[in-house]
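> What follows is a single structure, and I will ask about it in a moment.
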């Protein structure tokens, strides 16, 4: 190993001049060899090549860093000490690991690295890592860097990103105060480029990450400078500015004229984001321009337009939306009739039809009933969007129909019906929902009868929510009894719903439910039950939450610590400890050995193939898990259970209801790769809760950056991604690993 060689090198012994001369010749030859190697490295086309060389030469160090990161373990000063390592690549990787671990004891070392390290890449990563730790003490050092005229644009960009992350945390807001928050916003605004200037790659990165930071801070002062960026020469910056305006949660009506103008932009992402922002503005001036945008040539822009018109809730939009729906439904029916095969490969119009159903339900206009009742049978199954819309509009007629149709539904249909009944809010809906729940619960999982296959426990959570929302008589008791259900998600749902029914009987039931959940393979019920218990803040509740500090699950311990702080019971952070990963050194060595490989994955779907490149250098554990699951056939015949047009498609859930996983959880591996179009990310229900569910983005989603692990990217097949509808099949996932990169 290179490190061992350098450590063993020593000066000459004081013997004879001949030995000295021989030693000098050897030294000179070695120096020449080193210079030649350095020349090769300097002439290399990319900095990544030298980093890969470091990874090859010091695999043990990288394996150890990955292990500590996976354990969420600084291990005293071991990881922090690597910030002083001779290799810049090692220092950079250690900085990222400290950020991912999130232990605030590493903040000072990262601040020092950001300020003092001589290597540019290390300073960049230290700034990024400070944003991941989210420690308020880093605010002023980051501001110093952001306002520096000597630092590179890339370091400024990562400092801006970190400021946005740290200052958007509510607890940090209270510590910093409004004056400091305003200072941060103004410092960020100063970094925005002049809209009519051509941008270098580094300047574009700074502008992009600054826009995202301002989006996270949600300061009213950001509206005007973000509006100016709608005139940028760079289409990606224009799209990001529109996206930020849509997510500011501040009045943006002053931007309405510029956003309306952006509806004619040549770039589809700009148009789609401008449409979304106009919907958020709820500005009546946008209605007529948005109606014209219903005919946009981009399906992604159309989807956002439908949502925007529904959000503004202007009756002028009803007829145009219905007419678009009628055209799309006619196309859908015609496509289904083309060939037998097409009956099983549903056209992408289904996604827009579901958006239209949602819009009609939001607008609550009975003129849409005929279309909804035509869409319902045409899609071949019950969808929540259609059922909710019918429930909102049809009044008693809807719930009466459901009483007669109940028993005809597969569990997914029952979930949709439960949501429709909850939206119906009639007495008939109340009288219908409780019997449905009882019927499902009685038959779910009993033998091999048609009823047991039809009535599945996966529909119970949505029925429970409907029972509570409809205020069904005896709802509290119905929910409490489900705390003893055999399905972990049913128990988790019941615990969450009981937060609204606080009394001694329910507290006792929750404490008993937490004891029952201790043997669960999944932690959903434990986490939900602890949260419900914490609402009481009584000695019994505090004792119950404290008992979770001894749980074997790192996430449960961490959650208990957070809850005890909220309950005013003290700081037990020292009880979180490290993650017991179950992996040995050989596992981490194997993962580290893959860092230099090119890995591709092909997702075979019933709509075609989606080819991915995976990123083991950026997300080694995530990639390893995905490969292992794919190779054992885990993804075979699972569905894309979630599809949100112009956002994501999501699959990999064995339950099919969005609540399933592989039986283990992996740590987040947040990295600097952005969520561009075609990015592959790991779905989460909170930090470090990744498993088997992954998603692919339809379009850039900068608000996801730094919050979800990017572990791959689509290299071909984006047209397939855009055709995927909810319920489409993943036939299998094929993995190919090449030899080490050159």
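Read the figures in this text as sums done on the coordinates, not as results from a lab. A quick note: this is a predicted structure, and the numbers were derived from the prediction, not measured. Positions of Cβ are backbone-derived with ideal geometry, glycine not excepted, and every protein chain shown enters the neighbour counts.
> Over the chain, what is the relative contact order in whole percent, taking alpha-carbon pairs under 8 Å and six or more residues apart?
Averaging sequence separation for qualifying contacts and normalising by length gives 8 percent for the chain.
> With each label point set 7 Å from Cα along the Cα-Cβ vector, what nm distance links residue 600 and residue 326?
4.8 nm
> Please state the relative contact order of segment 360-404 as a whole percent: Cα pairs under 8 Å, 6+ residues apart? Provide the component values of the computation, followed by the final result.
Working: 27 pairs, mean separation 20.4, N = 45.
Contact order relative to length: 45 percent.
> Please give, to one decimal in nm, the separation of the simple spin-label points placed at residue 687 and residue 373, each 7 Å out from Cα toward the Cβ.
Taking the two extended label points, one gets 5.3 nm.
> Going by Cα centres, segment 612-656 and segment 228-262 are how many Å apart?
33 Å
> With r as the distance between the Cβ atoms of residue 590 and residue 116 and R0 = 45 Å, compute the FRET efficiency 1/(1 + (r/R0)^6) and round to 0.05.
It comes out at approximately 0.80.
> So if each residue of separation counts as 0.36 nm, and I subtract the Cα-Cα distance between residue 655 and residue 565, what length gain in nm does that give? Walk me through the numbers before you get to the answer.
On the way: separation 90, 0.36 × 90 = 32.40 nm, distance 3.41 nm.
Net length gain for the segment: 29.0 nm.
> Above 22 Å lies some portion of the pair distances; for segment 366-575, what is it as a whole percent of all C-alpha pairs? Could you put the intermediate results ahead of the total?
Details: 11858 of 21945 pairs.
Percentage above 22 Å: 54.
> Among 152-159, 168-175, 245-252, how do they line up from the highest to the lowest mean number of other beta-carbon atoms within 10 Å?
152-159, 245-252, 168-175
> Just to confirm my numbers, what's the Cα centroid distance between segment 383-404 and segment 495-545 in Å?
About 34 Å separates the Cα centre of segment 383-404 from the one of segment 495-545.
> Work out, step by step, the length gained on full extension between residue 505 and residue 396: first 0.36 nm times the residue separation, then minus their alpha carbon distance; give nm to one decimal. Write out the running numbers ahead of the final one.
Working: separation 109, 0.36 × 109 = 39.24 nm, distance 3.51 nm.
So the extension gain works out to 35.7 nm.
> If a/c stays under 1.5 just call it rounded; otherwise compare a/b with b/c (prolate if a/b is bigger, oblate if not). Do that for segment 660-742, with a ≥ b ≥ c from the square roots of the Cα gyration tensor eigenvalues. Please list the in-between numbers first.
On the way: a/c = 1.16, a/b = 1.10, b/c = 1.05.
Here segment 660-742 falls in the rounded category.
> Right, another one. So what's the angle, to the nearest 10 degrees on a 0 to 90 scale, between helix 120-133 and the longest Cα principal axis of the chain?
40 degrees
> Could you give the length gained by full extension between residue 715 and residue 108, i.e. 0.36 nm per residue of separation minus their alpha carbon distance, to one decimal place?
214.6 nm
> As an exercise, use a Förster radius of 45 Å and the Cβ-Cβ distance of residue 149 and residue 170 to find the FRET efficiency, rounded to the nearest 0.05.
Details: r = 33 Å, r/R0 = 0.73.
Working from the Cβ atoms, E equals 0.85.
> Another question, then. Below 8 Å, C-alpha to C-alpha, sequence gap of six or more: please give me the relative contact order for segment 129-240 in percent.
Values: 140 pairs, mean separation 31.5, N = 112.
Value for segment 129-240: 28 percent.
> For the chain, take the longest principal axis of its alpha carbons; what is the angle in degrees between that and the long axis of helix 524-534, to the nearest 10 within 0 to 90?
The two axes meet at around 80 degrees.
> Angle check, please: helix 427-443 long axis (alpha carbons) against the longest principal axis of the chain (alpha carbons), in degrees 0 to 90, nearest 10.
Its long axis makes an angle of about 60 degrees.
> For every helix of n ≥ 4 consecutive DSSP H residues, a contribution of -39,500 (n - 2.57) applies; sum these over the chain, divide by its total residues, and give [θ] at 222 nm rounded to the nearest 500 deg cm²/dmol.
Helix contribution divided over all residues of the chain: -17500 deg cm²/dmol.
> Run through all the Cα pairs of the chain and give the fraction in each 10 Å bin from 0, expressed as whole percent.
Taking every Cα pair in the chain, the percentages come to 3, 12, 20, 25, 22, 12, 4, 2, 1, 0, 0.
> Further question on the same structure: Please compute the modelled spin-label separation between residue 676 and residue 431, points set 7 Å along Cα→Cβ, answer in nm with one decimal.
6.0 nm
> Given a Förster distance of 41 Å, report the FRET efficiency between residue 182 and residue 336 from their Cβ-Cβ distance, rounded to the nearest 0.05. Intermediate results must be reported in sequence, preceding the final value.
On the way: r = 57 Å, r/R0 = 1.38.
Working from the Cβ atoms, E equals 0.10.
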